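What follows is a short report on a single structure.
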Amino acid sequence: NAGVMQNPRHLVRRRGQEARLRCSPMKGHSHVYWYRQLPEEGLKFMVYLQKENIIDESGMPKERFSAEFPKEGPSILRIQQVVRGDSAAYFCASSHRGTGELFFGEGSRLTVL
Amino acid sequence: EDQVTQSPEALRLQEGESSSLNCSYTVSGLRGLFWYRQDPGKGPEFLFTLYSAGEEKEKERLKATLTKKESFLHITAPKPEDSATYLCAVRSDNTDKLIFGTGTRLQVFP
């Protein structure tokens, strides 16, 4: 199965700790998107990356959140000093050459205690 | 600002009872309207892309249509396995990201 792979699927952190979420795009895809979903809410765009470049980070909170997509390895969404409000499902999606048809992973569910 | 509104929020259907879901949108210039299906605890699954008014796409019991202001997802003779949340998203001509609506939660009862 060459789908979008996210890990961990579930992550529990205490307030003030760091959370790192990983995403390996589909084979052949070089565009990665991160979205956040709260219960009963829609998917909120966070950031769009290509290899080694952040293309659009208009949805990223200005503090504590960062994302990267290195030349080698998965894309990583990093949340520093987590707070309870960061508890959500974080979805990664990939596309081929920015076609707009996004293929999503199963998500990483972050719980902050 | 690009915006997507879906209605109804929730829909309960008897098996075989056809209906439609609505997606109204406001974008600076449409570069694609997308429908996704999301099952509980799963990631969204791509269904359709529509690019211009008048375009229609079909897949099994689902048919998506597009006008200049809205899109409909028609479900013909639904089955319980069609129960899911259906998400609509748009891509405008000044960005590569998709803007999603909050979805319609569909339940089909036998």
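Check the range A:6-19 and report whether any residue there is within 23 Å of B:Val4 (Cα to Cα), touching a Phe, Trp or Tyr at 6+ places or on another chain (Cβ under 9 Å) and within 10 Å of another protein chain (Cβ to nearest Cβ). Give the derivation first.
Looking only at the range A:6-19, we keep the residues that are within 23 Å of B:Val4 (Cα to Cα), and these are none.
Looking for residues that are within 23 Å of B:Val4 (Cα to Cα), touching a Phe, Trp or Tyr at 6+ places or on another chain (Cβ under 9 Å) and within 10 Å of another protein chain (Cβ to nearest Cβ), one finds none in the range A:6-19, hence no.
Give me the pairs, please: first residue somewhere in the range A:83-104 and in contact (Cβ under 8 Å) with a residue 24 or more places away in the chain, second residue anywhere and part of a loop (DSSP other than H, G, I, E, B) and of a type in the set (Val, Ile, Thr), beta-carbon distance under 7 Å, and either six or more positions apart or on two chains.
Qualifying pairs under 7 Å: A:Cys92/A:Val4; A:Ala93/A:Val4; A:Ser94/A:Val4; A:Phe103/A:Val4; A:Phe104/A:Val4.
For residues that are at pLDDT below 95 and within 8 Å of chain B (Cβ to nearest Cβ), scanning just the range A:79-102, find the one that is surrounded by the most Cβ atoms within 10 Å (Cβ to Cβ).
Among those that are at pLDDT below 95 and within 8 Å of chain B (Cβ to nearest Cβ), it is A:Leu102.
Pull up the range B:87-110, narrow it to residues that are among the hydroxyl-bearing types (Ser, Thr, Tyr) and within 11 Å of the chain's Cα centre (by Cα), then point me to the one that is farthest from the other protein chains (Cβ to nearest Cβ).
Within the range B:87-110, the first condition is being among the hydroxyl-bearing types (Ser, Thr, Tyr), and the residues that meet it are B:92, B:95, B:102, B:104.
Of the ones still in play, those that are also within 11 Å of the chain's Cα centre (by Cα) are B:102, B:104.
On the way: B:Thr102: 4, B:Thr104: 11 Å.
Checking each candidate, the answer is B:Thr104.
Pull up the range A:40-72, narrow it to residues that are farther than 21 Å from B:Thr95 by Cβ and free of Cβ contacts under 8 Å to residues at least 12 places away in the same chain, then point me to the one that is surrounded by the fewest Cβ atoms within 10 Å (Cβ to Cβ).
A:Glu72
When you look at B:Thr65, is it in contact (Cβ under 8 Å) with a residue 24 or more places away in the chain and not small (Gly, Ala, Ser), yes or no? Break it down into steps so the answer makes sense when it comes.
Numbers: in contact (Cβ under 8 Å) with a residue 24 or more places away in the chain: no; not small (Gly, Ala, Ser): yes.
In short, no.
Which number in (1) free of Cβ contacts under 8 Å to residues at least 24 places away in the same chain; (2) surrounded by fewer than 17 Cβ atoms within 10 Å (Cβ to Cβ); (3) more than 9 Å from chain A (Cβ to nearest Cβ) marks the one condition that B:Ser28 misses?
Condition not satisfied by B:Ser28: (1).
Kindly indicate the residue of the range A:93-113 that is of a type in the set (A, V, I, L, M, F, W, C) and either outside any loop (DSSP other than H, G, I, E, B) or under 14 Å from A:Gln6 (Cβ atoms) (or both) and also nearest to the chain's Cα centre (by Cα) among those meeting that condition.
Step one: list which residues in the range A:93-113 are of a type in the set (A, V, I, L, M, F, W, C), which gives A:93, A:102-104, A:110, A:112-113.
Now narrow it down to the ones that are either outside any loop (DSSP other than H, G, I, E, B) or under 14 Å from A:Gln6 (Cβ atoms) (or both): A:93, A:102-104, A:110, A:112.
Working: A:Ala93: 8, A:Leu102: 13, A:Phe103: 13, A:Phe104: 10, A:Leu110: 11, A:Val112: 16 Å.
Ranking the qualifying residues of the range A:93-113, first place goes to A:Ala93.
Has the range B:54-66 got at least one residue that is closer than 21 Å to A:Phe103 by Cα and within 11 Å of chain A (Cβ to nearest Cβ)?
Within the range B:54-66 (the criterion being closer than 21 Å to A:Phe103 by Cα and within 11 Å of chain A (Cβ to nearest Cβ)), the answer is no, since none of the residues qualifies.
Any residue at all in the range A:2-15 that's among the hydrophobic types (A, V, I, L, M, F, W, C), under 15 Å from A:Gly100 (Cα atoms) and at pLDDT below 95? Give the derivation first.
Our first condition is that a residue be among the hydrophobic types (A, V, I, L, M, F, W, C); within the range A:2-15, this holds for A:2, A:4-5, A:11-12.
From the residues that got through so far, the ones that are under 15 Å from A:Gly100 (Cα atoms) too are none.
No, because not a single residue in the range A:2-15 is among the hydrophobic types (A, V, I, L, M, F, W, C), under 15 Å from A:Gly100 (Cα atoms) and at pLDDT below 95.
What number of residues within the range B:68-86 are touching a residue at least 60 places away in the same chain (Cβ under 8 Å) and either facing another protein chain (nearest Cβ under 9 Å) or touching a strand residue (DSSP E or B) at 6+ places or on another chain (Cβ under 9 Å) (or both)?
Filtering the range B:68-86 down to residues touching a residue at least 60 places away in the same chain (Cβ under 8 Å) leaves B:75, B:77-80, B:86.
From what's left, either facing another protein chain (nearest Cβ under 9 Å) or touching a strand residue (DSSP E or B) at 6+ places or on another chain (Cβ under 9 Å) (or both): B:75, B:78-80, B:86.
So the answer is 5.
If you scan the range A:50-72, which residues turn out to be away from chain B (no Cβ under 11 Å) and closer than 18 Å to A:Ala19 by Cβ?
Let us first name the residues in the range A:50-72 that are away from chain B (no Cβ under 11 Å), namely A:51-54, A:60-72.
Across the range A:50-72, the qualifying residues are A:Met60, A:Pro61, A:Lys62, A:Glu63, A:Arg64, A:Phe65, A:Ser66, A:Ala67, A:Glu68, A:Phe69.
The values are calculated or read from the model by the stated rules, or taken from the named source; none is laboratory data. Everything quoted here is computed from the prediction, not taken from an experiment. Glycine gets a Cβ as well: all are built from the backbone with ideal geometry, and neighbour counts include every protein chain shown.
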